[in-house]
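Accompanying notes for the structure given below.
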Amino acid sequence: MILVAILFATPALSAQTDLYGTWTKKKGNCHEEFKVVIGPKKFTAYESTCRVRLLHPIRTPGKDDYRLDLACDNEGEPSRETEFVNVIGRDQLVVESGSLVNPTKLYRCGR
C-alpha cells in the first residue's frame, strides 16, 4: 500500500521541484528588483516576503498548476495573498496574482 501512495505522489513532487527556485520577471536579468524566490515554505519578491500557508495542486489535465495561499509582509504591512502558478517547463512559470486574469511570466535564474 505504501509503495502505491509513493508512486502516485511522485509526479506532484517532481512538478513542485520545477516550481521551486529563483525566478526573474525579466529574462536574463536576475537583479534583486526583478527576482522572485519560490520554495516549499516561502514566496518572496522585491520588498515582499511571504510564508507559504498552503500549496494546492490544481488538477488540470496536461498542466502543472498550483494555488499558493500566502501570509505576507509587504514593506511592513501584513496581508494574506493568493498566487496561481502554472509551471510551463523547467525554466518558465506563469504567475497570476489573486485571480487568473493578470499573468506574469517568470524565467528561471541561472541553472
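If you take the beta carbon distance between Leu54 and Glu32 as r and set R0 to 22 Å, what does 1/(1 + (r/R0)^6) give as a FRET efficiency, to the nearest 0.05? Before the final figure, lay out the partial values.
On the way: r = 27 Å, r/R0 = 1.25.
Here the calculated transfer efficiency is 0.20.
Output wanted: per-residue J couplings in Hz (rounded whole) for the stretch 81-91, from phi through Karplus 6.51 cos²θ - 1.76 cosθ + 1.60, θ = phi - 60°, x for Gly and Pro.
For the stretch 81-91, the Karplus curve yields 9, 10, 10, 9, 10, 10, 7, 7, x, 4, 10 Hz.
Between Lys41 and Lys105, what length comes free when the chain is fully extended (0.36 nm per residue of separation minus the Cα-Cα distance, one decimal in nm)? List each step's numbers first, then the result.
On the way: separation 64, 0.36 × 64 = 23.04 nm, distance 2.13 nm.
Stretched out fully, the Lys41 to Lys105 stretch lengthens by 20.9 nm.
I'd like the Karplus ³J(HN,Hα) series for the stretch 46-63: coefficients 6.51, -1.76, 1.60, θ = phi - 60°, whole numbers in Hz, and an x wherever there's a Gly or Pro.
Once θ is set to phi - 60°, the couplings for the stretch 46-63 become 3, 6, 9, 10, 10, 9, 6, 7, 8, 10, 10, x, 9, 7, 10, x, x, 10 Hz.
What number in nm² do you get for the stretch 27-105 if you take the convex hull of its Cα atoms and divide its surface by four? If you can, show how the numbers build up before the last one.
On the way: hull surface 22.1 nm².
Projected over every direction and averaged, the Cα hull of the stretch 27-105 covers 5.5 nm².
Just flag the GluC sites (Glu not before Pro) in the stretch 69-109 sitting in loop per DSSP whose Cβ has no more than 11 other Cβ atoms within 10 Å.
Values: sites: Glu75, Glu81, Glu83, Glu96; in loops: Glu75.
Those satisfying the criteria are Glu75.
Quick note: the coordinates plus some simple rules give every number you see, no bench work behind them. Predicted model, so just to flag it, every value in this text is computed and none were measured. Positions of Cβ are backbone-derived with ideal geometry, glycine not excepted, and every protein chain shown enters the neighbour counts.
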